[in-house]
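Beneath this line is the structure, given in structure tokens, with notes to follow.
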Amino acid sequence: MHAQPAKAQDTVEIASLEMAGVSAAVTGDVTMAKATGEIGVLVESGMPVYLGDRITTTSRSGMQILLLDETVFTIGPNSDIAIDEFVYDPATGDGRIVADMARGVMRFVTGKIPLNNPSSMDINLPVGSIGIRGTIGLIRSVSAEEANQIMPGSFDTSTPESANQQVFMAVNQGPGLARNDTTSRPGAFAVTDQNGNSENITGENFGVFVSGTVVTEPARFPQGVATFDFSTNLVRTASRRSDETGGSSSGQTTTAAPQQPSLTSDQTQQADTQTGSTMVGSLDVALAQIGSTSASSSQGEITSIVGNVTESSSSSSNNDSPFTYDALRQITSGSVSTGTINVNGANVDYSFASTVDFANRTIAILFSNVTQTGSGLTGKAGILDGSFNPSTFDYTGTSGNVEFASGDFTYDPNCATLGCSATATFEDAYNVDFNLSTTTYSSGTDGSATLN
């Protein structure tokens with residue numbers, strides 16, 4: 001009768017001790033606790049980090065976490081961060097990462113999990129969430145006034161409540177989706193506030209500010225704003241502890257050691273095996289990212305971490321380059337869709353929908369309910385089959401830019417009578433611009449959409 005609750009409790013306790021990674025480097029007083037407000041233990045370099053551990057830094061401290069898939073979190077001062085979910089299969093690279101960031105500053109370099117599945121990493125904020133699609137990024141809590149200094153008028157500060165609202169900055173420091181070379185790993189953010197407003201950051205060194213009700217449009221951030229010098233708060237400290245006594249070489253008492261032990265030999269072996277490299281090598285890669293924020297150095301970090309030593313030319317890509325099928329094929333799992341978007345113009349109206357299936361490498365595009373002022377006709381255009389039903393385009397072996405000209409689409413009889421001409425251009429894997437015009441109204445009606 002009493003065994004079931006005890007068993008359930010044991011299961012929870014075992015799950016709470018699931019190891020997610022290790023503290024790769026620590027400086028100053030950094031504490032780990034199982035819950036906010038709970039008295040934590042001081043963190044030392046090499047200690048394991050378990051699911052649910054809440055990490056808190058002071059104004060003069062910092063920490064770096066190396067997860068078992070080689071994702072790296074560099075945590076700056078005055079921060080409060082936890083790893084809420086970490087699932088990883090080293091054999092396949094599949095898994096999921098969910099972190100919670102209450103405040104502070106954090107830089108990350110994604111490892112093997114987001115590489116295998118671009119939608120497998122999320123960072124939850126008090127004001128919304130950030131979906132990470134494989135890249136290097138910086139997240140920082142700021143005041144509404146500080147955000148307005150960078151993007152004037154973004155946030156209301158007319159009342160004490162609005163002036164004190166929480167705002168976070170998210171900047172993509174790593175390779176963006178505009179990269180065309182196949183050796184780089186394109187990445188992006190999907191930033192969403194609590195009201196469901198969302199923006200995608202796909203450009204290198206582009207970012208947004210987000211509050212509970214506002215997500216600003218992506219813009220290139222000034223270098224001084226888009227970076228953070230962690231070197232003053234994070235330096236290499238003591239190496240991984242070789243003893244298993246739980247003692248502290250820094251003079252701290254050992255009473256808390258049983259709750260957060262130093263890394264044991266078994267745990268060291270687990271980390272070595274699951275990261276696919278020695279711990280020392282992984283730490284060198286992790287610590288190499290401190291203080292380096294340029295695009296070229298970010299590319300070096302990301303290729304080092306995934307074990308790809310091939311270097312790509314930074315001159316071969318820029319934020320204004322067309323998005324290519326080679327870049328689209330970098331994403332190999334999952335699918336995204338715009339849903340149906342109603343586009344109303346002065347004289348040409350229609351509904352637009354598009355889906356990209358990354359796993360099967362197909363694109364679907366449909367212009368439906370096409371009407372022209374005074375025509376009395378309703379047409380359809382897009383990727384259609386012989387009966388004018390929605391179909392897909394297979395881009396497995398296609399080269400060039402991800403764009404569709406008028407001649408690439410099929411038009412039903414009504415659209416043919418109207419002289420419909422449709423176009424669609426993918427700015428990246430998650431944003432598409434489109435237009436539909438007719439013979440009478442040759443400028444047509446433009447539209448743009450985000451695929452989620």
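Tabulated values for the structure
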quantity	calculated
Filter result for the condition that a residue is over 22 Å from Thr31 (Cα atoms), touching a Phe, Trp or Tyr at 6+ places or on another chain (Cβ under 7 Å) and modelled with pLDDT under 90, over Ile113, Ile130	Ile113
Flag for Asp84 being in a strand (DSSP E or B), modelled with pLDDT of 90 or more and under 24 Å from Ser45 (Cα atoms)	yes
Only listed residue being in contact with an Asp or Glu (Cβ under 7 Å, 6 or more places away or on another chain) and of a type outside the set (Val, Ile, Thr), chosen from Phe434, Phe388	Phe388
Condition check for Asn117: open to solvent by 20 Å² or more (accessible area, probe 1.4 Å), farther than 20 Å from Ile55 by Cβ and free of Cβ contacts under 8 Å to residues at least 40 places away in the same chain	no
Any hit, region 170-191, residues being open to solvent by 10 Å² or more (accessible area, probe 1.4 Å), at pLDDT 85 or above and out of contact with any Asp or Glu (no Cβ under 9 Å at 6 or more places or on another chain)	no
Sole exception among (1) touching a helix residue (DSSP H, G or I) at 6+ places or on another chain (Cβ under 6 Å); (2) over 24 Å from Gly334 (Cα atoms); (3) not in a loop (DSSP other than H, G, I, E, B) for Ile97, by number	(2)
Filtered residue count, region 346-368, keeping only those that are outside any loop (DSSP other than H, G, I, E, B), under 17 Å from Gly419 (Cβ atoms) and touching a Gly at 6+ places or on another chain (Cβ under 9 Å)	3
Residue that is at pLDDT 95 or above, open to solvent by 20 Å² or more (accessible area, probe 1.4 Å) and either within 27 Å of Thr202 (Cα to Cα) or in contact with a Ser or Thr (Cβ under 8 Å, 6 or more places away or on another chain) (or both), where the choices are Thr396, Thr392	Thr392
Residue in region 146-166 that is small (Gly, Ala, Ser) and in contact with a Gly (Cβ under 8 Å, 6 or more places away or on another chain) present	no
Unmet criterion (only one of (1) among the charged types (D, E, K, R); (2) under 23 Å from Ser23 (Cα atoms); (3) free of Cβ contacts under 8 Å to residues at least 60 places away in the same chain) for Asp69	(3)
Matching residues, region 149-161, being touching a Phe, Trp or Tyr at 6+ places or on another chain (Cβ under 7 Å) and at pLDDT 90 or above	Ser154
Per-region count, region 56-80, residues outside any loop (DSSP other than H, G, I, E, B), surrounded by 24 or more Cβ atoms within 10 Å (Cβ to Cβ) and not hydroxyl-bearing (Ser, Thr, Tyr)	9
Boolean, Val87 is within 18 Å of Val26 (Cβ to Cβ) and of a type outside the set (Gly, Ala, Ser)	no
Any hit, region 333-352, residues being touching a helix residue (DSSP H, G or I) at 6+ places or on another chain (Cβ under 8 Å), loosely packed, with under 15 Cβ neighbours inside 10 Å and in contact (Cβ under 8 Å) with a residue 24 or more places away in the chain	yes
Candidates Val109, Val87 - the one that is among the hydrophobic types (A, V, I, L, M, F, W, C) and open to solvent by 40 Å² or more (accessible area, probe 1.4 Å)	Val87
Within region 403-440, tally of residues that are closer than 11 Å to Ala381 by Cα, open to solvent by 30 Å² or more (accessible area, probe 1.4 Å) and touching a Gly at 6+ places or on another chain (Cβ under 6 Å)	1
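The values are calculated or read from the model by the stated rules, or taken from the named source; none is laboratory data. Since we're looking at a predicted model, the values are computed, not measured. Backbone-built Cβ (ideal geometry, glycine too); neighbour counts: all protein chains shown. Just the protein is used for accessible areas: all its heavy atoms, side chains included, with ligands, DNA and RNA removed. Shrake-Rupley method; radii C 1.70, N 1.55, O 1.52, S 1.80 Å.
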